[in-house]
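A.B. asks: Pasting a structure below so you can have a look.
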């Protein structure tokens, strides 16, 4: 397993501290068991964030899968005569001509 990058350490640590602090404030837990559960949840969340930060130089699974499956093959358009879709042109008698 590759070593974690400094960015992974930073994101994981910040997540642990901030999420644990926020959960303690929101839950207003004062018991030892409640604080322990919140601390463990904060550590788990920080670990999850640290592991999901993309490492430099490795393609993400989603991008690699879409790059392999989104190969398009050009298909020539069917040839139709130019006059098949053209609408009849009516002369514009009432418009002003710039040429005379």
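A.B. asks: Please rank 47, 33, fewest neighbouring Cβ atoms within 10 Å first, as an exposure proxy.
C.D. replies: Placing the least packed residue first, the sequence is 33, 47.
A.B. asks: Report the full-extension gain for the segment residue 26 to residue 5: residue separation times 0.36 nm, less the Cα-Cα distance, to one decimal in nm.
C.D. replies: Extra length from residue 26 to residue 5 when fully extended: 4.4 nm.
We did not get these values from a lab; they are worked out from the coordinates using the rules stated. These numbers were taken from a predicted model, which means no experiment stands behind them. Neighbour counts are summed over all protein chains in view; Cβ atoms, including those assigned to glycine, are modelled from backbone coordinates with ideal geometry.
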